[in-house]
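**Student:** Once you've had a glance at the structure underneath, I'll fire off some questions.
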Amino acid sequence: MPLWSLHGDGRTVAPDAVVAPNERLNWPLTAAVGVQHVVAMFGATFLVPAITGFPVATTLLFSGVGTILFLLITKNRLPSYLGSSFAFIAPVTAATASAGMGSALAGIVATGVLLALVGVVVQFAGLGWINRLMPPVVAGAIVALIGFNLAPVAWDSYQQAPITATITLVAVVLFSVLFRGFLGRISIFVGVIVGYVVALLRGEVDYAAVADASWIGLPSFTLPDFASPGTWGVIAMFLPVVLVLIAENVGHVRGVATMTDDRVNASTGRALIADGAATALAGAFGGSGTTTYGENIGVMAATRVYSTAAYWVAGSVAILLSLSPKVGEVFNSIPAGVLGGVTTALYGLIGIIGIKIWVEGRVDFSRPVNQYTGAVALVIAIAGFTMDLGGGFQLGAIVLGAAAALVIYHAGNAIARWRRTGADDGGPLPVVGQIGGDPQD
């Protein structure tokens, strides 16, 4: 029995139809859609290792391997590409600076294992317990603080070449509003290209490593370090990332289900297990942590092709690209000014995703518990609070901010309800009108 049935004549998709996950177009068209998915994910996937100093080729390899692993674990029912997750940038940057790359990789492995365990629980118990533990005000605060915590890192890169960085930043913003559809969704990638050209013209790009690299070869592999004393303090910084990965995976599954079949939602637990396994595998050999990609949701929405066959093609192409060290060195040559410009926008966007969770959850910020849950967590993250517990064990701003959000929300609600002060979270605000979009008459 074939894995995919042919959709219609294999060449066209009717205006009111979609190519379901268990269907495919003819193989040339399926291959073309798969290559589109590679283009869509490439900008973000190479950017994470370029920022954190991880090998680009290794990350690209495990994004392809992780995608195929995801398809296998979800029984070929859920179309998704697993690319580098921006949520790992903050803890990886901090961990590498304080304890080395091996400890950062240990944190990625631990995150993957925990995410997979969450997936097992979700598979049997559902998502309700997560929503109770981390309602919108808490979830939004934790996601936002991960992005805003990186503001000083963006500035460090920006000031090394402020002209190039400014042009890059302007290009990112301009392309996001100038183009509609696919080009608008990859504005960060296009902005990097513009910035790179500017850097070339200004003599800021060093091609020495590119010239020395061979055209074909295996990526470099690095093992995680669980033995160093500072590793376990580092691992704690990665735990809040699990929340982001849960939110991204759940959102991805719901998006695909909305556009194809509600029965796809039954794959939520398997999706979390699969992303956890892919993240742990990547971290075990020197790659960046993975997540499902919204960019590829955009490609599916534009083409109306949700076939998992296209993702087998995309994963395979990514693996082939990773086997060229010269390609990896080209991406490693991106200068600090370009990274400074793009990360100024990127880190802020991560923070805005958290605020978007507040808006969509209609959080009532007239309630003191909600006010302090967000306020304290964000200040801790932006200022970069740390707590040294001795013996080389240090808690960073991401851990402290996430812990503050959880403690303030749950303890504050318990006290306010006991005292009946009205300071507790009273639930979502009522909908009073349209949010965003064109004005309605």
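**Student:** Which of the residues belonging to the stretch 220-234 are buried (at least 16 other Cβ atoms within 10 Å of the Cβ) and either in contact with a Phe, Trp or Tyr (Cβ under 9 Å, 6 or more places away or on another chain) or part of a loop (DSSP other than H, G, I, E, B) (or both)?
**Tutor:** Thr222, Pro224, Asp225, Gly230, Trp232, Gly233 - these are the residues of the stretch 220-234 that are buried (at least 16 other Cβ atoms within 10 Å of the Cβ) and either in contact with a Phe, Trp or Tyr (Cβ under 9 Å, 6 or more places away or on another chain) or part of a loop (DSSP other than H, G, I, E, B) (or both).
**Student:** Suppose the filter is in contact with a helix residue (DSSP H, G or I) (Cβ under 7 Å, 6 or more places away or on another chain), in contact (Cβ under 8 Å) with a residue 12 or more places away in the chain, of a type in the set (Val, Ile, Thr) and part of a helix (DSSP H, G or I); does Val210 pass it?
**Tutor:** So Val210 fits the description; yes.
**Student:** Name every residue in the stretch 114-136 that is modelled with pLDDT of 85 or more and surrounded by 14 or more Cβ atoms within 10 Å (Cβ to Cβ), in order of residue number.
**Tutor:** Listed by number, the residues that qualify are Leu114, Leu115, Ala116, Leu117, Val118, Gly119, Val120, Val121, Val122, Gln123, Pro135, Pro136.
**Student:** Please state which one of Leu6, Leu82, Leu69, Leu29 is closer than 27 Å to Leu218 by Cα, of a type in the set (A, V, I, L, M, F, W, C) and open to solvent by 40 Å² or more (accessible area, probe 1.4 Å).
**Tutor:** Leu69
**Student:** Can you pull out the residues in the stretch 358-376 that are open to solvent by 40 Å² or more (accessible area, probe 1.4 Å) and either assigned to a helix (DSSP H, G or I) or not aromatic (Phe, Trp, Tyr) (or both)?
**Tutor:** If the condition is that a residue be open to solvent by 40 Å² or more (accessible area, probe 1.4 Å) and either assigned to a helix (DSSP H, G or I) or not aromatic (Phe, Trp, Tyr) (or both), then Val359, Glu360, Arg362, Ser366, Arg367, Pro368, Gln371, Tyr372, Ala375, Val376 are the ones that fit.
**Student:** Pull out all pairs, ordered by first then second residue, where Cβ-Cβ is under 8 Å, the residues are six or more apart or on different chains, the first lies in the stretch 149-172 and is hydroxyl-bearing (Ser, Thr, Tyr) and open to solvent by less than 70 Å² (accessible area, probe 1.4 Å), and the second is modelled with pLDDT of 90 or more and not in a loop (DSSP other than H, G, I, E, B).
**Tutor:** Sorted first by the residue in the stretch 149-172, then by its partner, the pairs are Ser157/Ala165; Tyr158/Ala165; Thr164/Gly195; Thr164/Val198; Thr164/Ala199; Thr168/Val194; Thr168/Gly195; Thr168/Val198.
**Student:** A follow-up question, please. Would you please name the residue that is modelled with the lowest pLDDT, looking only at residues in the stretch 85-102 that are surrounded by fewer than 24 Cβ atoms within 10 Å (Cβ to Cβ) and among the polar types (S, T, N, Q)?
**Tutor:** Ser98
The values are calculated or read from the model by the stated rules, or taken from the named source; none is laboratory data. All of these numbers come straight from a predicted model, not from anything done at the bench. Every residue, glycine among them, receives a Cβ derived from its backbone with ideal geometry; neighbour counts consider all protein chains shown. Note: accessible area is taken over every heavy atom of the protein model, side chains too, but ligands, DNA and RNA are not part of it. Shrake-Rupley method; radii C 1.70, N 1.55, O 1.52, S 1.80 Å.
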